[in-house]
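Since the structure comes first, as structure tokens, the remarks are kept for the end.
Just so it is clear, none of the values below were taken in a lab; they were calculated from the coordinates. Just so we're clear, the structure is a prediction, and the values are computed from it rather than from any experiment. Cβ placement follows ideal geometry from the backbone for every residue including glycine, while neighbour counts extend to all protein chains displayed.
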Amino acid sequence: MKFLFLILFSLSLAITSFSQNSWYKGNLHTHSYWSDGDEFPEMIMSWYKSHGYNFVALSDHNILAEGEKWIKVTHSKIYEDGFKAYVDKFGNEVTYKTDSGRFHVKLKTYTEYKPLFEDSKFLIIRSEEITDKFQGKPIHMNATNVVKFIPPQGGTSAADVIQRNIDAVLQQRKETGIPMFPHINHPNFYYSISVQDMISLHGERFFEVYNGHFMVNNYGDSLHPGTEQMWDMINLAYLKKGQSLMYGLATDDSHNYHQFGSAFSNAGRGWVMVKAEALTPEALIKAMEEGDFYASTGVELSELRVEKKTISIKVKAESGIDYQIHFIGANKKDSQVRELEVISGTQGSFTLSPDHLYVRAKITCSKLKANPFHDGEYEAAWTQPVKGN
């Protein structure tokens, strides 16, 4: 009896622990003055923290925020006013000098600005956007929770460039024992990365189904599929090869913090909501690799559960807004991705049968997105694909 009690007690602790997992909001693609962003890291972190984010990855191009770097503030009222706002907010912590009427500012490193913001509700993750190319076309990939700088690896084709950079991230993970992951950025940026390039890869689990940069062509064009269509094409191919499913991220890719609109890359356009045991890089990465997250451009879920091949969704609804839950997937018989069911309303569920290859959900609504990357964009959310039996 005592032994049975201990077993039941242990199970109750496990269930309690699982039920205590929390949702954390984060952006995994952000730029600052360390590369081609137009704001100081502290101002960026302050914005995200004050807007309800729990974690941010500052992912500048081919650089980590370490060592000494000075920037010269652009001779423009917008940027000079931005610098003055920075000084007003952080005062004596700002190191700068003037030369010929121009402000020269020493940037804070990751280890310097990180403790200014981190607490039990906010985390900063060291990241890098590995910025490579092939035949002049940009090929970019983020390394999240990277420990050491990874230079672009180059290669003999677009797919080879991507694979070499994936391998470099995974090799560092193996060598350090620190959880980290690569993700493919904006494949339709200059249409540099094709579906076939991504289908050929091994070891990649994430890509950006939505990116808030105004030049990334999320919806594709008459000659190129949009990123959501690419996502399904990739997963059909991966399942045929016995590979793990690809998961979809939404990110800001923010660069511009002083000018706003669809001609700029602004903060607050796309993010992930991760259900994790704790607000740590290790817990967040573990949850994401298990598919315990969704991507969003505004729609928030109050419930997302996957139990016994049943996907259950409940939207945290806003008054006066109409919602639809689209269950999208493929059957084994024809391997064609299609809309399997549409539910008008704020909650619904879908149970996978043995005939399903995989199913995911997209939640759409009638609310236009504030400051969209593309005019006429409505808020949405995407859950991760669930594999069939």
Taking amide H atoms as placed 1.01 Å from N in the peptide plane, list the residues 5 or more away in sequence, or in a different chain, whose amide H sits under 5 Å from that of Asp252. Leu28, His29, Gly212, Gly270
Using only C-alpha positions, report the orientation-averaged shadow area of the convex hull of the chain, nm², one decimal. 23.2
Please compute the modelled spin-label separation between Asp81 and Leu116, points set 7 Å along Cα→Cβ, answer in nm with one decimal. 2.2
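Using the scaling law 2.2 N^0.38 Å as the reference, what is the normalised Cα Rg of the range 179-283?
Values: Rg = 14.9 Å, N = 105, 2.2 N^0.38 = 12.9 Å.
Ratio of Cα Rg to 2.2 N^0.38 Å: 1.16.
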Going by amide H atoms built from the backbone, whose H comes under 5 Å of the H on Tyr323, apart from near neighbours? Gly345
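Computed over the Cα atoms of the range 305-389, what is the convex hull's projected area averaged over all directions, in nm²? Provide the component values of the computation, followed by the final result.
On the way: hull surface 24.6 nm².
Its average projected convex-hull area is 6.2 nm².
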Rh_Kirkwood(the range 258-354) over Cα pairs, Å, one decimal, evaluates to 16.0
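Could you pull out the GluC sites (Glu not before Pro) across the range 68-98 that fall in loop regions by DSSP (anything but H, G, I, E, B) with no more than 10 other Cβ atoms inside 10 Å?
Details: sites: Glu68, Glu80, Glu93; in loops: Glu68.
Sparse-neighbourhood loop GluC sites (Glu not before Pro): Glu68.
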For the range 124-215, state which chymotrypsin sites (Phe, Trp or Tyr not before Pro) are in a DSSP loop and have at most 15 other beta carbons lying within 10 Å of their beta carbon. Phe149
Suppose R0 equals 41 Å. What FRET efficiency, 1/(1 + (r/R0)^6) with r the Cβ-Cβ distance, do Arg164 and Asn331 give to the nearest 0.05? 0.70
Sort out for me the Cα centre separation of the range 66-90 from the range 123-164, rounded to whole Å. 28
Quick one: if you stick a label point 7 Å off each Cα along the C-beta vector at Glu68 and Glu93, how many nm between them? 2.2
To make sure I understand the rule: partners must be aspartates and glutamates, Cα under 18 Å from the Cα of Lys332, and not fewer than 8 residues away in the same chain. Which ones qualify? Asp232, Glu341, Asp355
From the phi of every residue in the range 253-265, what ³J(HN,Hα) in whole Hz does the Karplus formula 6.51 cos²θ - 1.76 cosθ + 1.60 yield, where θ is phi - 60° and glycine or proline is x? 6, 6, 10, 10, 10, 10, 10, 10, x, 6, 9, 9, 9
As a test of the formula, what do you get for the chain when each DSSP H run with n ≥ 4 contributes -39,500 (n - 2.57) and the sum is divided by the residue count, at 222 nm and rounded to the nearest 500 deg cm²/dmol? -8000 deg cm²/dmol
Spacing of the two label points (7 Å from each Cα toward its C-beta) at Ser302 and Glu277, in nm: 2.9
